[in-house]
Amino acid sequence: RRVLLLGEGNFSFSAALCGAQGTHVVATCYESEEEAAGRGGAARSIRRLRDSGAEVVFSVDCTKLEEHFLPGEREFDRIYFNFPHCGRKAGVVKNRQLLARFFHSCTEVLAQEGEIHVALCNGQGGTPADQPRREWHNSWQIVAVAAGAGFILSDVHPFRAENIDGYKCTGYRSQDKSFCVEGALNHIFTRSTAPLCSTPMSCKTQLGSQKVSFQVPQVLVDKINRGFLEANSSHPVRTIKEKLSAGLSQAFPLQNISSCLPLLHQGHPDGVCHSNIFWITLSPGEAPSTEEMSQELANTALFSHFSQDTHQNVQEGCPIPKQFYLRPSLLPHAQAIIKKRAFSPGTLQVLSGPVFRKCRITPHSLPVFHEMLMVLAVSRGTENSCIQMLVDNIQTTTNSLHQGVSGVKPSISLQEAASLGAELNDLAAFEQQLGEIQHFLCVGTEPDPSGSCVGVIRTAPDELKSQELVVISASLNLDLLAMLLCGISDWRMLWTLDRRFLRQFPEGELRLFKSFSLYPPSYEHDVSFWLPDGEELDEVAFHTLARRVSAETVVSIQLRDNFQQPGTGQRSLCYRVTFQSCDRALGCREAAEMQLHFREELEQQLGVTLR
């Protein structure tokens, strides 16, 4: 392991490390050898370092590291910079600039899996770990500064000088004087994954009897075909799905029918708001013929899901509008199975896969998630007891799952649809568009035992046109369930490309998640604009545009002002947009560029006039 130490004063910290087995130390300082040797104890530490085989290098500028080390001598596994300072009475701005140049320099000499350790005096870092915490403008803003160079804060812990053999801090105001390190913190930074590529992506899928390709909406390019539910996946979403299926199979005969469910639907979903749908244009020349579309609609017979106009066109042989969209639910596939009677009464049919819905930006609003849909035909009059059996089984399974996740104890409850009223989250609100709901399935964890809606239960007494049977369907949002069970506060983390996420769930074992990106910086920008005369803002389209241009780094959009011009009646809206990434570095410059792009797209896509 190659270790680089920068800005050493008397080399006492380097000397304490040099004896570690398997470690090659390169100790450096900014001063010349003559200047450094004049500090108390420095000459002795330098001799000890050289005697142990360590390298000692002088006159090293921490902001130009690539100039001091040849390409073959780089690739340091760890870089230490203890108590950096510009010298004398330099203020916070100059020290921020020093850190910014230092981090940029580290990109050239740090190994891919390497770490940067920066020790700062109490309060300097500006993170919640500092106690007491300085005001942001009066701190060194170390996490935001590091983010500008592509690094994230992965750990922070006390810098315990008393535990370092022979260590003595020095360099107060560029003098051979010690300074107070009580409450000092060691900040550990690692490389972030690179920003998402904005290159358009094409996807192939089955549509009817033929393969078609389409351009993936930009906001979904990192979420399509991720394979979280495949057999070789260790993703917590798959683990939960498999455990639930295993538990349900103990209570019901079970049939998994999730393979080859098409991503695309045709027509227009009946009852669903147009702005909640990801509309798709097929690649040129690949749209199925009218005859194929008519036959496909007739075969699947999803009459509760397609608009009446579309089905009238099918029956009358008229041309069908070639509208395609990413599936917002698995319910139509279940309805097709029911209408074909391709099932056995009493057998639980289980469908699962990703679904796609445009939605507003809130902590628990997911534009894509994995749905697990369970469908069961039971004797009329037994539906309530079967629903309770289904819920009890899910409760038992989640209780067994939480035993391996220390500190999380879920409680599952059924809530009547009428009882939630105005407290619906986006999941529940969208599900109501798909059809009448009898119960909401809520999962609570401390400190919020009241629960968050993760699913819905429907009964369809007329679906089979049978006097004896009733169809029960239960839909679960596996992503929300994974978040609650594993203590994941941000849904975007489930879709991260950073391998450190899945490493926390070896072989599908559920554990309490520990974030590898601590205290990510946030940046606020305001945008105000005039609406076109007489028009209202489509908020879902507004939020979806923010998701797209920011690569899902917008975490909050808040209305700040709603102004109506006297006389003309023209309306102006002002929103505060907050940018923050949960898993990768996001610097202030990148956030500002996203905001400028957002403003441009608002004018072009929504037709507003910027102020």
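Protein-only accessible surface at a 1.4 angstrom probe places the residues Trp136, Trp279, Trp495 in the order Trp136, Trp279, Trp495, largest first.
Measuring between alpha carbons in the structure, the pairs from Lys223/Lys514; Lys241/Lys514; Lys204/Lys243; Lys89/Lys514; Lys204/Lys241 lying more than 28 angstrom apart are Lys204/Lys243; Lys89/Lys514. Extension gain for Gln565 to Asn384 (0.36 nm times residue separation, less C-alpha to C-alpha distance): 59.6 nm. The distance between label points at Gln97 and Leu537 comes to 3.8 nm (points 7 Å beyond Cα on the Cα→Cβ vector). Here the range 2-191 is treated as an ellipsoid with the same Cα gyration tensor; its semi-axes, largest first and in whole Å, are 24, 20, 16. Dividing the Cα radius of gyration of the range 458-611 by its Kirkwood radius returns 1.14 for Rg/Rh.
Here the range 523-610 is treated as a sphere whose radius is the Kirkwood value from Cα pairs; by Stokes-Einstein at 25 °C and 0.890 mPa s it diffuses with a coefficient of 181 µm²/s. Size of the range 326-378: Rg and Dmax of its alpha carbons, in Å, are 13.6, 41.
Each helix, a run of at least 4 DSSP H residues, gives -39500 (n - 2.57); summed and divided by the residues of the chain, these come to -7500 deg cm²/dmol at 222 nm. With a cut-off of at most 12 other beta carbons within 10 Å, and DSSP calling the residue loop, which GluC sites (Glu not before Pro) in the range 497-526 qualify? Please list them. Here the sparse-neighbourhood loop sites are Glu509. Specify the angular offset, from 0 to 90 degrees and rounded to the nearest 10, of the alpha carbon long axis of helix 42-51 from the longest principal axis of the alpha carbons in the chain. That helix lies at roughly 70 degrees to the long axis. The P(r) of the chain has a tail past 33 Å containing 56 percent of all C-alpha pairs. Normalising the Debye intensity of the range 1-63 to I(0), with uniform scatterers on Cα atoms only, and taking log10 at q = 0.19, 0.28 Å⁻¹ returns -0.59, -1.23. Residues Cys260, Cys203, sorted by accessible area with the largest first, give Cys260, Cys203 [1.4 Å probe; ligands and nucleic acids excluded]. Volume of the convex hull of the range 35-110 (Cα atoms only), normalised per residue: 111 Å³.
Binning the C-alpha pair distances of the range 185-288 at 10 Å intervals from 0 yields a P(r) profile of 10, 27, 31, 21, 8, 2, 0 %, listed from the shortest bin outward. The listed residues Lys241, Lys64, once ranked by accessible area (1.4 Å probe) with the largest placed first, stand as Lys64, Lys241.
The values are calculated or read from the model by the stated rules, or taken from the named source; none is laboratory data. This is a predicted model, so every value here is computed, not measured. Ideal geometry is used to build each Cβ from the backbone, glycine not excepted, and the neighbour counts take in all protein chains shown. When the accessible area is computed, the model is the full protein with side chains, heavy atoms only, and any ligands, DNA or RNA have been set aside. Shrake-Rupley method; radii C 1.70, N 1.55, O 1.52, S 1.80 Å.
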